[in-house]
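Below is one structure, written out as structure tokens, with a few remarks after it.
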Amino acid sequence: RIAHIFNVMGLVELERNDFDVAMDYMQQALRIQKLHLAPNEINLDVSQTLVNIGSVYYKERNNLQKIQAKKDSYKSFIESGMLKKIAFAHRERGEYIMAMHFYDEVLQLLKNSGGSKSVK
């Protein structure tokens, strides 16, 4: 399965702290997986990919300078609703503490934006 291979490659790049390449591989995996799903269908492979994307984000966000230097891509990542999707995937897997971390981040973003902009 091609999507699985992309996920594994992304995890390897994550271990090397190459966040951009890891994210690219995982987003490719997610695109392939979504091609075979009905709208709003819950799938364990998609959930795992979202958790992996969350792992990249989580590791990368600890390197704040890198994210701030890439403000446009960070902004589009946030506005895509990815944080809520990652939180949902963690919740579905029973990883409630990680889910709460991501939901808390969504809440902080809403508070910081004054609630005027919608974070999906």
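The values are calculated or read from the model by the stated rules, or taken from the named source; none is laboratory data. Owing to the predicted nature of the structure, the values given are computational and were not obtained by experimental measurement. FYI the Cβ positions are ideal-geometry reconstructions off the backbone, even for glycines, and counts take in every protein chain you see. The protein model used for the area step is the full one, side chains on, heavy atoms only, and it has no ligands, DNA or RNA in it. Shrake-Rupley method; radii C 1.70, N 1.55, O 1.52, S 1.80 Å.
Test Tyr58 against the criterion of being at pLDDT 70 or above, within 19 Å of Glu15 (Cα to Cα), open to solvent by 60 Å² or more (accessible area, probe 1.4 Å) and among the aromatic types (Phe, Trp, Tyr), and give yes or no. Walk me through it before giving the result.
Working: at pLDDT 70 or above: yes; within 19 Å of Glu15 (Cα to Cα): yes; open to solvent by 60 Å² or more (accessible area, probe 1.4 Å): yes; among the aromatic types (Phe, Trp, Tyr): yes.
In short, yes.
Could you list, in sequence order, the residues of the range 1-19 that are open to solvent by less than 60 Å² (accessible area, probe 1.4 Å), assigned to a helix (DSSP H, G or I) and over 17 Å from Ser47 (Cα atoms)?
Glu13, Leu14, Phe19 - these are the residues of the range 1-19 that are open to solvent by less than 60 Å² (accessible area, probe 1.4 Å), assigned to a helix (DSSP H, G or I) and over 17 Å from Ser47 (Cα atoms).
If you take the residues in the range 20-30 that are more than 14 Å from Lys85 (Cβ to Cβ) and not aliphatic (A, V, I, L, M), which one is most open to solvent (accessible area, probe 1.4 Å)?
Restricting to residues being more than 14 Å from Lys85 (Cβ to Cβ) and not aliphatic (A, V, I, L, M), the top hit is Asp24.
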